[in-house]
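The values are calculated or read from the model by the stated rules, or taken from the named source; none is laboratory data. These figures come from a predicted structure and were not determined experimentally. Heads up, the Cβs are rebuilt from the backbone with ideal geometry, glycines too, and the neighbour counts pull from every protein chain shown.
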Amino acid sequence: MSEEIKLLAKMLKDDPDYFKVLNHLKIANLDYAKNISKYTKIDINKVNKILEELKEIGLVEEVHSRTVKRSKARLKKQFEVRMHHTYYKLTLLGKQVYKYLRDNN
């Protein structure tokens, strides 16, 4: 396991809300802050803060598209929806850190 993954996991381990957001994105594949807040029961302002921090360190990225299909956003009820929010998804590094946190807790 890479030292970078271990270091990032150690940084995020102190606050369980980071893991909840990563876990939600792993399940949903991609989602927006308000929906993440709804599912994880974390305050929307804190979710926005967490997403910005995770984006800065390269664990999540913004998704730029006009529409989202349910095959990509697994928690969507409609087959296809227009994007009116900023959607986020895990990067490869984000998936690796999530897996490390999941397996070592």
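Scoring Leu75 on the criteria (1) within 29 Å of Glu4 (Cβ to Cβ); (2) modelled with pLDDT under 90 leaves a single failure, condition (1). The lone criterion from (1) of a type in the set (Ser, Thr, Tyr); (2) within 18 Å of Arg102 (Cα to Cα); (3) in contact with a Ser or Thr (Cβ under 7 Å, 6 or more places away or on another chain) left unmet by Tyr32 is number (2). Return the total of residues in the stretch 7-60 being at pLDDT below 90, among the basic types (Lys, Arg) and assigned to a helix (DSSP H, G or I). Counting residues in the stretch 7-60 that are at pLDDT below 90, among the basic types (Lys, Arg) and assigned to a helix (DSSP H, G or I) gives 1.
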